[in-house]
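Visitor: Okay, here's the structure, questions in a sec.
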Amino acid sequence: MPKRGQKMAKRGRSEQHALDEEQVEALLGETTELEDRVALELMCYLGLRVSEICHLRRNWVRDGEIRIPRSQPCNCSNCQGEWRAKSMASVRSIPIPDLIAKDLYMFLEHTDGFPPLTRQALWWKVKQIAKKAKIKECFPHSLRATAATRMSAFLTAPELCYTLGWRNLEMGQHYINIFQAKAGASKKIKEMLK
């Protein structure tokens, strides 16, 4: 685990490390705590940022959505009294899909949110669970990329940017272009090799 104040090593483009469905299932299958499962589901399926997960509170969840605020009071060692969303684009409402609703609501039934947890501690947890699932290149941002990759098959660039809290439409278009290139190449290769 990195030391306090030390940044995680850059891994290159996160989409190169996005997990496929089989890997997501293996990762979730290795969780033993509901808290860990919910954190992984929020990253893999909704693309929440580590800091958003670490600071998620019960009052963010209402009317079938997770509503990420601009800021909230916080006493953790990183925030110095106030947690702030990464940018104004990060302030958003994300629908809670049935796939994770039961786990999320069960988790929040007994707690106000995640216990005090640093970004580094969550990063370490992801690495440990991935190791048990025999997934070599897995880190929180690759799980966010997993969500982006999955969503790019269904959302437009502006919708993808809104859902993931990106300011720049180029990022949403980037994921959509990758999806379309893969799908198009696959179809053409199959036709070519008939």
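The values are calculated or read from the model by the stated rules, or taken from the named source; none is laboratory data. A quick note: this is a predicted structure, and the numbers were derived from the prediction, not measured. FYI the Cβ positions are ideal-geometry reconstructions off the backbone, even for glycines, and counts take in every protein chain you see. Surface areas here come from the heavy atoms of the whole protein model, side chains and all, with no ligands, DNA or RNA. Shrake-Rupley method; radii C 1.70, N 1.55, O 1.52, S 1.80 Å.
Visitor: Being of a type in the set (Lys, Arg), in contact (Cβ under 8 Å) with a residue 40 or more places away in the chain and open to solvent by 80 Å² or more (accessible area, probe 1.4 Å) is the filter here; which residues of region 109-153 pass it?
Guide: If the condition is that a residue be of a type in the set (Lys, Arg), in contact (Cβ under 8 Å) with a residue 40 or more places away in the chain and open to solvent by 80 Å² or more (accessible area, probe 1.4 Å), then 119, 132, 134, 150 are the ones that fit.
Visitor: Here are the criteria: (1) basic (Lys, Arg); (2) out of contact with any helix residue (DSSP H, G or I) (no Cβ under 8 Å at 6 or more places or on another chain); (3) farther than 15 Å from residue 27 by Cα. Tell me which single one residue 132 does not satisfy.
Guide: Looking at each condition in turn, residue 132 falls short on (3).
Visitor: Is it true that residue 186 is open to solvent by less than 100 Å² (accessible area, probe 1.4 Å), touching a Ser or Thr at 6+ places or on another chain (Cβ under 7 Å), under 26 Å from residue 27 (Cβ atoms) and part of a helix (DSSP H, G or I)? Step through it out loud before you land on a result.
Guide: Numbers: open to solvent by less than 100 Å² (accessible area, probe 1.4 Å): yes; touching a Ser or Thr at 6+ places or on another chain (Cβ under 7 Å): no; under 26 Å from residue 27 (Cβ atoms): yes; part of a helix (DSSP H, G or I): yes.
So residue 186 does not fit the description; no.
Visitor: Go over the candidates 33, 65, 25, 52 one by one and state the one that is surrounded by fewer than 19 Cβ atoms within 10 Å (Cβ to Cβ), closer than 16 Å to residue 92 by Cβ and of a type in the set (D, E, K, R). Before the answer, list the steps.
Guide: Working: 33 fails: closer than 16 Å to residue 92 by Cβ; 25 fails: closer than 16 Å to residue 92 by Cβ; 52 fails: surrounded by fewer than 19 Cβ atoms within 10 Å (Cβ to Cβ).
Of 33, 65, 25, 52, the one residue that is surrounded by fewer than 19 Cβ atoms within 10 Å (Cβ to Cβ), closer than 16 Å to residue 92 by Cβ and of a type in the set (D, E, K, R) is 65.
Visitor: Which ones in region 1-55 are within 21 Å of residue 161 (Cβ to Cβ), at pLDDT 95 or above and part of a loop (DSSP other than H, G, I, E, B)?
Guide: 47, 48, 49
Visitor: Separate question: Identify all residues within region 125-171 that are assigned to a loop (DSSP other than H, G, I, E, B), closer than 26 Å to residue 67 by Cβ and of a type in the set (Lys, Arg); write none if there are none. Break it down stepwise before answering.
Guide: So the first thing to find is which residues in region 125-171 are assigned to a loop (DSSP other than H, G, I, E, B), and the list is 133-139, 152-156, 165-168.
With the extra rule that they be closer than 26 Å to residue 67 by Cβ, the set shrinks to 152-156, 165-168.
Across region 125-171, the qualifying residue is only 167.
Visitor: Which of the residues that make up region 45-81 are farther than 22 Å from residue 123 by Cβ and of a type in the set (D, E, K, R)? Write out each step before concluding.
Guide: Residues of region 45-81 that are farther than 22 Å from residue 123 by Cβ, as a first pass: 58-59, 61-65, 67, 69-71, 73, 81.
Answer for region 45-81, where residues must be farther than 22 Å from residue 123 by Cβ and of a type in the set (D, E, K, R): 58, 62, 63, 65, 67, 70.
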